[in-house]
Each structure stands twice: as C-alpha cells, then as structure tokens.
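Just below is one structure, and these are the notes that go with it.
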Amino acid sequence: MKPWLWFVIGTIVFWGAYVPTIHTGQLAFGTPKGPIRAFLFVGLAYCLVAVIVPLLLLFLAKTEPMVFPGRAMGISTLAGVFGALGALGIILAMINGGHPQVVPSLVFAGAPIMSVFVNLALHPPASTPDWRFYGGILLAAAGAALVLKYKPV
C-alpha cells in the first residue's frame, strides 16, 4: 500500500470518530449538557496537535524552511477557520436537535462533494470533467441518503 494511503485511512478513522466522541464528551458534562464546553476542549486539542507538533517538526526535524510568506499564511489561516467553523457547525447541529447517527452521515458525505466544487473553483481543470465525474457526485449523495434512510435505530 502506498504510504500516503495510511494517512488517508487515519484521517477517515479520526474524523469518523469525531462526532460520536464529541457527543459523548458533551454528555459527560452532565446536566445541562456541555456541547460548548466540549468544543472548548476540542480547541485545546487543536492547539496541542496543530501548533505544537508542527513547531516541533519545523524546529527539530527541520522538515521545511522557516519561511512564512504573507499570502500563504493568510490562505492557510482561512483553511483553519473553515475547519474550526465546520467543527462548530457540528456542535451547533447537535445542540439544535441533530442526532449523532444523522449529522456525521450528512457532513461526511456532503463535505467531499463540497470539496470537489471548491477545488474546481480554485484549480480549474484544463477540460470539462467527464460525465462519470458528475455521476460519482450523485452516487455519493445517494449513498448518504441510503445510509440515513436505513440507519440502525
């Protein structure tokens, strides 16, 4: 297996575990539930993993040069804002009646579809995508619909 696929598998496992884990965390705060308090600790974890680990890699492992162009920092910060707002959206969906068996199915089927369109806008292809590309998008949406319709209760 190609090495990068291991990271893809890890991401699937971690993101797939996010909603059930954050839901369990908010319940662990007792009455009243603590979705915002749980999200605060998600932020702390982001700081630990997304700030400390890269700093260690940059300083100790010297994986990349310590050069930070303004445009790159701005776009990368925007990506972080999108990620954090997405996590907040999950929390707010759960606060407002979303169920942990429904929210992740919608998010993790919808996000890849959205990602395709954002990527097409940022990096337009040289030619129009094949019809099967659009068919794949429809199949992804249909897959989410089937998961939601026949989810275990």
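Test residue 45 against the stated conditions and say whether it is surrounded by 11 or more Cβ atoms within 10 Å (Cβ to Cβ), closer than 30 Å to residue 95 by Cα and within 24 Å of the chain's Cα centre (by Cα). Here the answer is no, as residue 45 does not meet what is asked.
Scanning segment 119-140 for residues that are surrounded by 12 or more Cβ atoms within 10 Å (Cβ to Cβ) and of a type outside the set (Phe, Trp, Tyr) yields 120, 129, 136, 137, 140. Contact annotation: residue pairs with Cβ atoms under 8 Å, 6 or more positions apart or on different chains, pairing a residue in segment 36-62 that is more than 23 Å from residue 85 (Cα to Cα) with a partner that is surrounded by 10 or more Cβ atoms within 10 Å (Cβ to Cβ), are 57/63. Filtered by the rule that a residue be of a type in the set (Val, Ile, Thr) and either exposed (fewer than 15 other Cβ atoms within 10 Å of the Cβ) or modelled with pLDDT of 90 or more (or both), segment 141-153 gives a lone residue, 153.
The values are calculated or read from the model by the stated rules, or taken from the named source; none is laboratory data. This one's a predicted model, so the numbers in the text were calculated from it and none came from an experiment. Quick reminder, even Gly has a Cβ in these numbers, built from the backbone with ideal geometry, and neighbours come from all protein chains shown.
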